[in-house]
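Read-outs throughout are calculated quantities, based only on the coordinates presented, and are distinct from any laboratory measurement. Bear in mind the structure is a predicted one, so any value in this text is a computation, not a measurement.
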Amino acid sequence: MSTVCSFDPTKDLRWDRFLYHHPRSSVFHSPGWLEALRRTYGYEPVVYTTAQPGAELENGLLFCQICSRLTGRRIVSLPFSDHCEPLVDKPADLDVLFAALMQSSQTEHWRYIEVRPLHPLCGAASLFRATEPYCFHRLDLRPSLDELYRSLQKDSIERKIRRAGREGLVCETGRTETLLAKFYQLMLITRRRHGLPVAPREWFQNLVKYLGDALTIRVASKDGQPVAAILTLCFKSTVLYKYGCSDARFHSLGGIPFLFWKTIEASKKDGATELDLGRSDLDNLGLITFKDRLGATQSTLTYLRFPEGRSKTASASWRIRLAKQIFGYLPDGFLAAAGKLLYPHIG
């Protein structure tokens, strides 16, 4: 049986070389994303592999270890990441790696092991149990810009892009501290509207610091007033939409459709072949419909856990509804403080 080894992917240069060549690697596997997770939340990244120390990698299973007094010890691939494919091509190697992890779960006292694959897994993964599924969207950018524009839903997307043009919306692009401040203020507004805590400002600052040119913030403004913003990440030929936010008072101006079209135009110019629109909760029909109307392809994203996780109970749902009501009325400073306190335990 193969020996399983582990290493820190932010310090081992083999990981970067491996990601460059592996067709299923994503920005979520990248050292920059992992360093931001570590610096913001204290999560320690680790890769499990059948390769021996010093040998070039042929596979890798990436996780972050989460140690929380509130939510327990667990190992997740990966926290705050829409997906994280196991970069293992041989089913036999995947079985070996999962078997080693299951054995370690006893000695490490992990509550569970969670993987977030884009595609179904087989073999030892059959011992894992599916958690609640998500809706996943991706947009093929290989057609011409004209074809992509024609694939937009005419009334709710095309019409709003034209409205944004008539209203004189301006798109600022970059990753400066000024742009980040505008983005974060809109994020506070949006999260309060949805009754949710906001991720710490340090999280976004660390993303800018450790991902550098791979990160882009776009802010739409009307007469100097920021009305909408999105944050995207780029890795190889894929652009990934990660965060979006807006001021509901200005929704009629079409800021979000305007920014997505600007992103599509820029991505095409830079040679990207895919826009990863990320996951959506199945009950978030508005977001799912919006992504459908961009012309994206829809599929199901299913996370897996070992041992089987418990589903949400009625009492848990009641507590969530109560928390949303409270978060909806918190001032900016308290909402940001709540996020800084809670996010390290969510993962």
Across the alpha-carbon set of segment 136-301, Rg over Rh with Rh taken as the Kirkwood radius works out to 0.93
In whole percent, the Cα-Cα distances of the chain spread across 20 Å bins from 0 upward as 28, 59, 13, 0
Restricting things to alpha carbons, tell me how big segment 182-239 is in terms of Rg and Dmax, in Å.
-> 12.7, 35
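Scale the Cα Rg of segment 5-127 by the rule-of-thumb value 2.2 N^0.38 Å and send over the ratio, two decimals.
0.99
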Pairs of Cα atoms under 8 Å, at least six residues apart: use those to get the relative contact order of segment 136-301, whole percent.
-> 36 percent
Given segment 215-281, what whole percent of its Cα pairs are spread farther than 13 Å?
-> 62 percent
Just for segment 33-182, what percent of DSSP beta bridges are antiparallel, to the closest 5?
-> 80 percent
Pull up all non-local amide H partners of Glu85: gap of 5 or more, or a different chain, and H-to-H distance under 5 Å with H placed in the peptide plane.
-> Leu118
Could you pull out the pairs from Lys154/Lys291; Lys182/Lys209; Lys209/Lys268; Lys154/Lys236; Lys236/Lys269 whose alpha carbons sit more than 22 Å apart here?
-> Lys209/Lys268; Lys154/Lys236
Check: C-alpha center segment 274-300 vs C-alpha center segment 112-142, spacing in Å is 16 Å
10 °C / 1.306 mPa s Stokes-Einstein diffusion coefficient of segment 90-223, Kirkwood radius on C-alpha pairs, µm²/s = 79 µm²/s
